[in-house]
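Comments concern the structure below.
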Amino acid sequence: MKNIYPKKIFLFISLSLLFLFVFSQEIEIQNLGNNVNSSCAEYNPIISADGNTLYFMRSNFPINTKGTAESQDIWISLLSGDGKWLEAQFAGPYLNRSQFNTLFNVSPDGNKLLIGGAYKDGINWGAGFSFIERNGDNWSEPHYLDIKNFERMCKGEYSSACLLSDNKTLVLSFSEKEDSKVNDLYISFLHKNGKWSEPESLGSLINTEFDETTPFMAADGVTLYFASDRPGGLGLKDIYVSKRF
């Protein structure tokens, strides 16, 4: 399979090595407390580039868009001057438009959000991704990313994405197999006409017959983190890192 990643990729570290690093540095893991955590599930945290805004998903909470009946909404907590997270707030209808809402990415300047769902004219038409952009104090309607052949290619149950800091490159996770929960990682590039290229696999150095999902690209643009349930890990899913040189 052709390796379309711009530079050669080396897979060099797994979660076990991350654990060794964490323990050797004596890093303390702390609960964020009742201002962020509730009796419901909180997950998929994303912190803004300035470190002052925490976005996360909360499921089945009473004031979610669909309440306690199978709902997932986006919530926000701000960092106070004394370094504590303030009480989380419901992100509002501009982000929470469906029964299951997901935030994948926040641009470095905080003015562009990548959410789940192919929104056209305010309606979520299904699998895909959309941008919401801020103009002053107002947010735009979500507008979907026109990714060539994505609707035809994405046949699995789940998908996720990460937008690189250049705002022109997407790393995607999805499956081309019908109803599959086993994803691979792909890459797509923004064309001058505003459309995105057909997703291309990151190749066998990254993808396996097992699940590769939840990609995250560091601000350096060369360090890719993702989760996989491939053999050799320590849990159901483990964190892996790949760098391009």
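Annotations
- Checking each residue in the stretch 43-98 for being at pLDDT 95 or above, open to solvent by less than 70 Å² (accessible area, probe 1.4 Å) and aliphatic (A, V, I, L, M) picks out LEU54, MET57, ILE74, ILE76, LEU79, ALA88.
- Complete set of residues in the stretch 99-134 that are within 13 Å of MET57 (Cβ to Cβ) and open to solvent by 60 Å² or more (accessible area, probe 1.4 Å): GLN99, PHE100
- Of all residues making up the stretch 118-154, the number that are under 28 Å from VAL182 (Cβ atoms), charged (D, E, K, R) and part of a strand (DSSP E or B): 0
- When we screen GLU209, GLU198, GLU176, GLU157 for residues that are assigned to a loop (DSSP other than H, G, I, E, B), in contact with a Cys (Cβ under 9 Å, 6 or more places away or on another chain) and surrounded by fewer than 17 Cβ atoms within 10 Å (Cβ to Cβ), the only hit is GLU176.
The values are calculated or read from the model by the stated rules, or taken from the named source; none is laboratory data. Just so it is clear, the structure is predicted and the values come from calculations on it, not from any experiment. Positions of Cβ are backbone-derived with ideal geometry, glycine not excepted, and every protein chain shown enters the neighbour counts. Ligands, DNA and RNA are excluded from the accessible area calculation, which covers all protein heavy atoms including side chains. Shrake-Rupley method; radii C 1.70, N 1.55, O 1.52, S 1.80 Å.
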